[in-house]
Structures are given as structure tokens and as C-alpha cells.
Amino acid sequence: METVDISIFSLGLVFLLLAVPVGMSVYYRLNMTGAMLFSVLRMSLQLFLIGIFLKYLFLWNNPFINAAWLIVMILVAVFSAIKGSSMKAKKVLVPIFISFSAATFLILLYINVFVIRLDMVFDARYLIVLGGMLLGNSLRGNIVGIDSFYRSIRKDSKRYLYSLSLGASHHEAYLPYLKESVQLALKPTVASMATMGIVALPGMMTGAILGGASPDVAIKYQIMIMIAILVSTILSVLLTIVLTLKVCFTGYGTLREDIFEK
Amino acid sequence: MIKFDKICLSFDGKKIFSGLDLEIASGEKVVLSGRSGIGKSSLFGLVLGFIVPDSGSVFFDGVRVDEKSVWDVRKKAAFVDQDVSAGYGRLGDWFSSVSGFKANSDADFSDDRIFELMDRLDLKKDLLGKNVSELSGGERQRSALIVSLILKRKVFLLDEVTSALDKELKKKVAAMFFEDADLTVACVSHDPVWSESPNARMFDMEALEWKR
């Protein structure tokens, strides 16, 4: 069972659908036509290029190139995580890069070696595709986690300092904020797992089924990736916070002001 | 007990102290006076290491306050200010979270001890079940004083702790701290109950000299 290909002409017919949002935007003066078309154009171009790129990546299937591309993906994820938070890139770049890499590589290796049992652990189809899903899904959690941790300590500095004055160790003083931020970061992942399959058919499963896989293979992959996302998210959020502590606090246990973007 | 040695401090280019010298001896009761913004609260922040001076040193019990020693200072000094931020949960939960800090494992947070102090400070028992955010300013301040007394701190840094209390209670609280010979107390307060005490020494933060 092969996936039915979409010809270039047929793809053009999909773009015809855009007349609907453009028409609505004009009629209701939503002022969104430009931004919408720009995003569609950008998405198409990016995907077109990545399509060519992936074709060659799969063709060569060289473990070193694959690993190098995964690192590029991690770097992009790190920069968008920092951009989405209120932290200064210069201060937190290295610790966040280390935690993203550790979390992604560890989980991928475990899955590729023990679960899927690949002969070639760095096989592009699994490394890049699964790595992309892990990064894409843990990214949002990371932004929420690190941002809420440092911002709530800053906003709540009186309470935080007061607990230090009551004899709390640094660890004891930041623990309530850590707890809150990790809960916040994981909430959407946990919630979406609970409704999975009922409310929405997840993207990976849809892709696998369209790609010709039978539904029972597709669900096994989906279960695997959901658990992998949960683990890599909590791992990278916690690592990110723990590894940035040294940079973001003074020896007195107070928060450094120069870690925040103005 | 506490010694400020040639402290220079500025915030956002504004000079707060330029070479402040001040020594508070063990057992002394000091009232700090001066208009607001003169740096009375900064003085307490310096002792607890929340603020680090641009130059000069703070000594606590003979030891220079730095990144290492400050953690011990915080176990010996109690700091209570006018709007204590005692967490979000119920008052009783807050007491138990403080008693849960490793450094406080020896403190007596038993119900008997808490009720005894609540009684002395005119607080009703059922306050323990209330949310901290529902307490009045005066109730929060007294709760914070109770914690510092349970922790058996010997040095107290008090910032306007009687502002929200009625006249009788002001007297009672001031007496608790100023008539106990064991305690070293530095306080900022506009309430005359503190400065009228025969034990009080007065330090004028504007002229930077002892008045009494």
C-alpha cells in the first residue's frame, strides 16, 4: 500500500483554499491577509527546502552527517527557547544547550537501541524524525519552565528572600518555585496524553497510516513517542533549571539582575 | 554583635551610604531614625546578604559577612518587616514549611508552643486554618514574630513591625523585645513605644550619629 502522491497541479488546488481565509480577512477587516500569506509562503519554502535536504540525508544516511544535523536542530531549538523566555542569551546559552542535548540524545539512543532495535543507531529516518518530534514538543515546555522559574522568583523576591532569612538553604528556598514551574511545563503534555486518540488523531500516527503502516504499528509508535516526549521534557526542563542555577544566582543565594533581557 | 565598617552603597547611581560606620553591641536595643529612603531597610539587607556593599564590610558576631558566612548569619538573625510575605497557603502550613527547613529541625514548632505565643500576642487559634492572604497586616506581622521567637533568634531586625497594631499591643510587643536582656534588637519604627523605652539607644541615620 503506497501513499497516493499529490501532483504539483493538485498542490496548487490546495492553495486555492486560501481564498477562504483571505476573503474573510478582507470582508471582516481582520488585517491578517499579509501576515497569513507571508507565513504560508515561508512554510512552503522551508518545507520544500527541507524536503530536498531530507531526501539527500536519507540517501547518504551517513551517521556523522545525521548526528551533525541533529546538533543543528538542537541549536535552533535552544535559540528559540531563549528567545521565547525573558533571559539573556549570553548567560544561559551553554547550560540550555547541554540540557537539550543530553535529554534528546539519551532518549533517542534508548529508543533506537532498545525499543526499535536498529542496526544503525544513527539511521537518519529514526534519528532525525524522532529527534525533531522530541525537540519540537519539549521546546514549549522548556520555555515555560525556565521562564516561570526565574520570573516568579524575581516577582516574588520578598517571599523568596524571607525564606532565606528563616534559615532555608538555597535549595530549600527555590524548591517551591521549581515545583511550580515543572508542573506548569508538563501540564499540556500530560493533558494531551489523556485525551489522545479520542479528541484528535496525533500527527505521527496520521503520517504513519498515510505512509502505509497498519494502525496497530502506528499506535505502538505513537505510544512510544508520547512517553519519550514526556520523559525528555521533564528531563530537559529540570536539567535546564539545575544547570542555570550557578549562572543565575549569586553566592549569597540572591537572583542576579543581569540575567534578564531588559 | 553587628558592625558596619566604612560601607559605601549606591542604587542606580544614587548614593545611599558613603562610608557608614555603625556598631551595635550584643544585647543593645537600637532605634534607627530618619526620613524614608535614607537607607534604614538597606541596612538590614546588608546584614542578611540580600544587598552587597560597593565597598566596606559588615561583621556579624565578629565574622565578616560574605558568600560563605551569610548562610549562618541567616540562621542567627531574624528579620521581620512591615508587609511580611509569608507564602500563599494556610498559616498553619506556612509554620510547618518553615519548621521543615533542615536548619530549623531543632526548633519547637509544637502546637503548645505556637498556641502559647499566639495567646501572648493576642491572636486567636483558628487563625492557623486561615489563608495567609486573608490575614490583616497586623496578624501577619505577629505571625512572623512568632516564627522568629520559635526559631530562638538572638538578633532581631525589625522594620515597622508595630505599625498595624493597637496601642496596648504595641506596648506589649515593644516590651517583649526591648526588655529581654538576651536579645540584640535593631528596629525602624515611627511608633514612640520603642524610642520611649528606657533601654533604647537612638541612632540618627541622617546625621549619622548617636542621639542617645
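Listed values, structure above:
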read-out	value
Stokes-Einstein D (µm²/s) once Rh is taken as the Kirkwood radius of segment A:1-139 over alpha-carbon pairs, at 20 °C in 1.002 mPa s	119 µm²/s
For chain A, built as a Gaussian network whose Cα springs stay under 10 Å, the top-fluctuating residue of A:VAL182, A:VAL40, A:VAL190	A:VAL40
Pair B:SER18, B:LYS171: separation of 7 Å Cα→Cβ label points (nm)	4.5 nm
Cα convex hull volume per residue for segment A:1-60 (Å³)	99 Å³
Per-residue SASA entry for A:PHE114, accessible area with 1.4 Å probe, Å² rounded to 10	120 Å²
Degrees, to the nearest 10: B:111-120 long Cα axis against longest axis of chain B	70 degrees
Within the protein assembly as shown: Cβ-based charge dipole about Cα centre, in debye rounded to nearest 20 (Lys, Arg +1; Asp, Glu -1)	860 debye
Top of A:PRO176, A:PRO21, A:PRO63 by mean-square fluctuation, Gaussian network on chain A, Cα under 10 Å	A:PRO21
All-pairs Cα distance distribution in the protein assembly as shown, expressed in whole percent, bin size 10 Å	4, 15, 21, 19, 13, 11, 10, 6, 1, 0
Accessible area (Å², 1.4 Å probe, nearest 10) - A:THR195	60 Å²
Charge tally in the Cβ shell below 11 Å around B:PHE59, where Lys, Arg are +1 and Asp, Glu are -1, B:PHE59 excluded	-2
Centroid-to-centroid separation of segment A:176-217 and segment B:49-108 [C-alpha atoms, Å]	44 Å
Cα long-axis angle, helix A:215-248 against chain A (0 to 90 degrees, to the nearest 10)	30 degrees
Magnitude of the charge dipole, segment A:175-262, Cβ model with Lys/Arg +1 and Asp/Glu -1, debye to 20	100 debye
Accessible surface buried once B binds A (1.4 Å probe; total of both sides; Å²)	2000 Å²
Residues A:GLU257 and A:ALA213, FRET efficiency given R0 of 51 Å [Cβ-Cβ distance, rounded to 0.05]	0.45
Additional length obtainable on full extension of the chain from A:MET43 to A:LEU17, 0.36 nm per residue less Cα span	7.8 nm
Alpha-carbon centroid distance for the pair segment A:75-135 / segment A:243-262, whole angstrom	25 Å
Where a label projected 7 Å from the Cα of B:ASP83 along Cα→Cβ would reach, residues of segment B:124-157 with amide N under 19 Å	B:131-145
Residues losing 50 Å² or more accessible surface upon assembly, segment B:67-97, compared with the chain by itself, 1.4 Å	B:GLU67, B:TRP71, B:ARG74, B:SER85, B:TYR88
Total formal charge among the other residues, if their Cβ is under 14 angstrom from that of A:PHE48, Lys/Arg +1 and Asp/Glu -1	+2
Spherically averaged projected area in nm², based on the convex hull that wraps the Cα atoms of chain A	18.3 nm²
Label-point separation in nm, B:GLU206 to A:ILE71, each point 7 Å along Cα→Cβ	6.5 nm
Set of lysines with alpha-carbon distance to B:LYS124 below 16 Å, sequence-local pairs under 8 removed	none
Exercise: per-residue mean of other protein chain Cβ atoms within 10 Å, A:166-177	5
For B:140-151, mean number of other protein chain Cβ atoms within 10 Å	1
Test item: Cα-centred dipole of segment B:2-210, Lys/Arg +1 and Asp/Glu -1 on Cβ, debye	220 debye
Which of A:LEU30, A:VAL20, A:PHE122, positive extreme of dipole for the protein assembly as shown (C-beta unit charges)	A:VAL20
Gaussian network model of chain A, Cα within-10 Å springs - most flexible of A:LEU30, A:LEU139, A:LEU175	A:LEU30
Surface per residue (accessible, 1.4 Å probe) for the protein assembly as shown, Å²	54 Å²
Dmax and Rg, reported as Rg then Dmax, of segment B:72-184 (C-alpha, Å)	13.2, 37
Under 12 Å, Cβ to Cβ, from B:TYR88 - net charge with Lys/Arg +1 and Asp/Glu -1	-2
Kirkwood Rh in Å, taken over all unlike Cα pairs in segment A:195-262	15.2 Å
Test item: A:248-260 mean partner chain Cβ contacts at 10 Å	3
Phi to ³J(HN,Hα) by Karplus 6.51 cos²θ - 1.76 cosθ + 1.60 over segment A:67-74, Hz, x for Gly, Pro	5, 4, 5, 4, 5, 4, 4, 5
Cα-based equivalent ellipsoid, segment B:1-131: semi-axes from gyration tensor eigenvalues, Å	33, 17, 15
Mean separation of Cα contacts under 8 Å, 6 or more apart, over the residue count of segment A:63-259: relative contact order %	32 percent
With Cα atoms, 0 to 90° folded angle of helix A:33-60 axis to chain A main axis	80 degrees
Counting DSSP beta bridges with both ends in segment B:2-210, the antiparallel % (nearest 5)	50 percent
Whole-percent carbon and sulfur share, accessible surface of segment B:1-140, 1.4 Å	45 percent
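The values are calculated or read from the model by the stated rules, or taken from the named source; none is laboratory data. What you see is a predicted model; the values in this text were computed from it and never measured. Quick reminder, even Gly has a Cβ in these numbers, built from the backbone with ideal geometry, and neighbours come from all protein chains shown. Quick note on the areas: whole protein, heavy atoms, side chains included, nothing else; ligands and nucleic acids left out. Shrake-Rupley method; radii C 1.70, N 1.55, O 1.52, S 1.80 Å.
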